[in-house]
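S.K.: Following this message is one structure expressed as structure tokens.
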């Protein structure tokens, strides 16, 4: 199975134009099979390795959700609690719930387009700040400031959207 | 949450510094994948996404985390993990 997985990933890298990729899979808790293909950088001939680290982008949200649910289990956070309870003075904080935030039903931040590519006009209007600061680390407070005064795209809880924040 | 799982390669660049950086690639900021991150520290720009997009990890780390959270119930009770799939209901 490792051989066919390797062949599949090799083909994916060739067809996708990605410099390289890593794929891991497991069946019902059995030890994972991990394969790598391609190179480790668009500017390198070094082979991609199975241990390579990546920016995992929006997969981060899964970690954040699990962490939030651990607080819920401990009674330190309520799913149907207004986010204003944890983010004081947040616009509309009294009518947006933690649950809606975790369910992507809090459409207040930069919103991806229907394909999730981040190319929607709402995102395009927000590119100035990151593009002018490619090398600077933003603080969490700056992230909150970036999104806090955006108008809601629709009523909280009425639609699910992918957002950058 | 990460340390008990032994996730040494899963880290949060806005708050941590490591000698080994994630592999560079193309950063999709506006949908066209045109930002080649070999030319700037992608961990910095990702910091703007914060808790929604700034983590670094590897395949083994993601497999461990996913198994711990969703199958082994090491991070969440079984009922909570199941409810996470329908949290909007």
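S.K.: Could you look through the range A:9-36, keep only residues that are within 10 Å of chain B (Cβ to nearest Cβ) and over 15 Å from residue A:51 (Cβ atoms), and pick out the one that is surrounded by the fewest Cβ atoms within 10 Å (Cβ to Cβ)?
M.R.: Ranking the candidates gives A:28 first.
S.K.: Can I ask one more? Determine whether residue A:108 is within 11 Å of chain B (Cβ to nearest Cβ), in a loop (DSSP other than H, G, I, E, B), buried (at least 20 other Cβ atoms within 10 Å of the Cβ) and at pLDDT below 80.
M.R.: Working: within 11 Å of chain B (Cβ to nearest Cβ): no; in a loop (DSSP other than H, G, I, E, B): yes; buried (at least 20 other Cβ atoms within 10 Å of the Cβ): yes; at pLDDT below 80: yes.
Here the answer is no, as residue A:108 does not meet what is asked.
S.K.: For the list (1) under 24 Å from residue B:54 (Cβ atoms); (2) outside any loop (DSSP other than H, G, I, E, B); (3) assigned by TED's automatic domain parsing to the domain that holds residue A:2, I need the number of the one condition that residue A:50 fails.
M.R.: (2)
S.K.: Next question. If I filter the range A:57-76 for residues that are part of a loop (DSSP other than H, G, I, E, B) and in contact with a helix residue (DSSP H, G or I) (Cβ under 6 Å, 6 or more places away or on another chain), do I get at least one hit?
M.R.: In the first step, residues of the range A:57-76 are kept if they are part of a loop (DSSP other than H, G, I, E, B); the result is A:74-76.
Filter once more, keeping what is in contact with a helix residue (DSSP H, G or I) (Cβ under 6 Å, 6 or more places away or on another chain): none.
No - not one qualifying residue is present in the range A:57-76.
S.K.: Next question, about the same structure. Any residue that is at positive phi and facing another protein chain (nearest Cβ under 7 Å) - is there at least one of those in the range A:40-63? Walk me through how you get there before you give the answer.
M.R.: At the first step, the residues of the range A:40-63 found to be at positive phi are A:57.
Still in the list and also facing another protein chain (nearest Cβ under 7 Å): A:57.
For the range A:40-63, residues at positive phi and facing another protein chain (nearest Cβ under 7 Å): present.
S.K.: With A:75, A:84 as the choices, which residue is away from chain B (no Cβ under 11 Å) and over 24 Å from the mean Cα position of the chain (by Cα)? Give the derivation first.
M.R.: On the way: A:84 fails: over 24 Å from the mean Cα position of the chain (by Cα).
The unique qualifying residue is A:75.
S.K.: I need the full set of residues from the range A:82-93 which are assigned to a loop (DSSP other than H, G, I, E, B) and farther than 29 Å from residue B:3 by Cα, in order please.
M.R.: As a first pass, look at the range A:82-93 and keep what is assigned to a loop (DSSP other than H, G, I, E, B): A:86-93.
If the condition is that a residue be assigned to a loop (DSSP other than H, G, I, E, B) and farther than 29 Å from residue B:3 by Cα, then A:88, A:89, A:90, A:91, A:92, A:93 are the ones that fit.
S.K.: Hey, another quick one. So, in the range A:55-72, how many residues would count as being within 14 Å of residue B:7 (Cβ to Cβ), surrounded by 17 or more Cβ atoms within 10 Å (Cβ to Cβ) and under 13 Å from the mean Cα position of the chain (by Cα)?
M.R.: So the count comes out to 4.
The values are calculated or read from the model by the stated rules, or taken from the named source; none is laboratory data. On a predicted model such as this, the values are computed, not experimentally measured, just so you know. As a convention, Cβ positions derive from the backbone with ideal geometry for all residues, glycine included, and neighbour counts pool all protein chains shown.
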